[in-house]
Amino acid sequence: MESNLIYVKTADLFADAQQIIEATKEYAYRSVNIAMLQRNWYLGKRISEEILNGEDRAEYSAETIITLSKQLTDIYGKGFSKNNLYRNLQFYRLFPQIFPTVMGKSELLTWSHYDILFTVGDDEARNWYAHEAFAESWSVRTLRRNIASQYYFRLLQSQNKQTVIDEMKDKTAEFQKDKLEFIKNPVVAEFLELAPNFEFNETKLESSIITHLQNFMMEIGKGFAFVARQQHIHTDMGDYFIDLVFYNYILKCFMLVDLKTSQISHQDVGQMDMYVRMYDKLKRTEGDNPTIGLILCSQTSEDMARYSILNENKQIFQAKYLTFLPTENELKREIERQKTLFLLQQEK
């Protein structure tokens, strides 16, 4: 793949330097994206061929992907889960003509765009969304919002299409501003075998508090074992990060912690509910008790530390587990102390 960068010299050295830097960055991002798409598409193609040549049953397809996932994970580490390989298969089957065509003529999006397009069941709608996302340079968030709001079908049914288009552009204007959207995607870091840069995902204040909160939870004892920080969870709605994950060997359960720098919202509770359900489904083993979800809020004193035990029997588990967890006052004091220390450090 050759670079199509154009060197232009003007009387403004600074402007010329900016043009060179921005153009090469864009070229680098585009090159990484194409390489990632090629890898995923050809993996999907090879898996599809293996399945077609094998036994004609769903169980065989699942077994093939599970076996390959284990083999690739042993060598290359994470990134080749059975869910990821299945998405590769979807990519090839839903967009079979992307890479056999001459490079440069295909309307290539990012992998995150395609991941969202997989959720569109109607072929015509999916292809339309893909074309519009390319032609109009939609961000991933814009594409997700337009699919969720049935933008394609509303346009078809509307007599005044420009009104619908103008409304969409107004509601997605903020989504279109993030020029770093592609490179800060954890999937890209994973593809390049780099550690994800979580500074993109949190403010310095949040990061500082989480660091000390992790140490605080370990220091108080009571059976806590540290599992992960900023644990990446990928869903068809996007990428999420659980601030802290612990396992309590006294209670025999996972505990998920999310820090919010604003008053708790229904969205926060729903997000934690999703985390808890996913952990119970994917991580919980025989003998483990249901996962605990803990949401810490820091806008007002009464919301600084709030427990959200998201389980069908949440009141029972709340009563059972509360004595083993830090109290709200303990968490409140610790977070306030870390906020003060952080602010003092910034004044030096």
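The values are calculated or read from the model by the stated rules, or taken from the named source; none is laboratory data. All values derive from a computational prediction rather than experimental measurement. Reconstructed Cβ throughout: ideal geometry from the backbone, glycine too, with neighbour counts over all protein chains shown. To get the accessible areas, we keep the full protein, side chains included, count just its heavy atoms, and leave off ligands, DNA and RNA. Shrake-Rupley method; radii C 1.70, N 1.55, O 1.52, S 1.80 Å.
Answer yes or no: is there a residue in segment 133-140 that is part of a loop (DSSP other than H, G, I, E, B), on the phi > 0 side of the Ramachandran plot and at pLDDT 70 or above. Yes, segment 133-140 contains at least one residue that is part of a loop (DSSP other than H, G, I, E, B), on the phi > 0 side of the Ramachandran plot and at pLDDT 70 or above. Just one residue in the set 155, 143 is surrounded by 12 or more Cβ atoms within 10 Å (Cβ to Cβ), in contact (Cβ under 8 Å) with a residue 12 or more places away in the chain and assigned to a helix (DSSP H, G or I); that residue is 143. Every condition in (1) modelled with pLDDT of 85 or more; (2) open to solvent by less than 50 Å² (accessible area, probe 1.4 Å); (3) farther than 24 Å from residue 116 by Cα; (4) in contact with a Phe, Trp or Tyr (Cβ under 9 Å, 6 or more places away or on another chain) holds for residue 64 except the one numbered (4).
Among the residues of segment 274-288, which ones are acidic (Asp, Glu) and either open to solvent by 90 Å² or more (accessible area, probe 1.4 Å) or assigned to a loop (DSSP other than H, G, I, E, B) (or both)?
Pass one, segment 274-288, residues acidic (Asp, Glu): 280, 286, 288.
The answer is 286, 288.
Would you please name the residue that is modelled with the lowest pLDDT, looking only at residues in segment 44-61 that are exposed (fewer than 11 other Cβ atoms within 10 Å of the Cβ) and of a type in the set (A, V, I, L, M)? Among those that are exposed (fewer than 11 other Cβ atoms within 10 Å of the Cβ) and of a type in the set (A, V, I, L, M), it is 58. Pairs meeting the criteria (first residue in segment 28-40 and closer than 17 Å to residue 115 by Cβ, second residue surrounded by 14 or more Cβ atoms within 10 Å (Cβ to Cβ) and of a type in the set (S, T, N, Q), beta carbons under 7 Å, at least 6 apart or on different chains) are 33/110; 40/88.
Working carefully through the options 183, 165, find the one that is assigned to a helix (DSSP H, G or I) and either touching a helix residue (DSSP H, G or I) at 6+ places or on another chain (Cβ under 9 Å) or at pLDDT below 85 (or both). Every option except 165 fails the conditions.
Report, by residue number, each residue of segment 73-102 that is part of a helix (DSSP H, G or I) and hydroxyl-bearing (Ser, Thr, Tyr). Please lay out each step first, then the result.
From segment 73-102, those part of a helix (DSSP H, G or I) are 73-76, 82-94; that's our starting set.
Residues satisfying the conditions are 73, 76, 86, 92.
Scanning segment 18-35 for residues that are under 12 Å from residue 7 (Cα atoms) and crowded, with 16+ Cβ neighbours inside 10 Å, we see that the one that is nearest to the chain's Cα centre (by Cα) is 23.
Scanning segment 82-109 for residues that are modelled with pLDDT under 90 and open to solvent by 50 Å² or more (accessible area, probe 1.4 Å) turns up 82, 83, 97, 100, 101, 102, 103, 104, 105, 107. Scan segment 111-126 and give yes if some residue there is more than 13 Å from residue 94 (Cα to Cα), open to solvent by 70 Å² or more (accessible area, probe 1.4 Å) and either touching a Ser or Thr at 6+ places or on another chain (Cβ under 7 Å) or not acidic (Asp, Glu) (or both), otherwise no. There is no residue in segment 111-126 that is more than 13 Å from residue 94 (Cα to Cα), open to solvent by 70 Å² or more (accessible area, probe 1.4 Å) and either touching a Ser or Thr at 6+ places or on another chain (Cβ under 7 Å) or not acidic (Asp, Glu) (or both).
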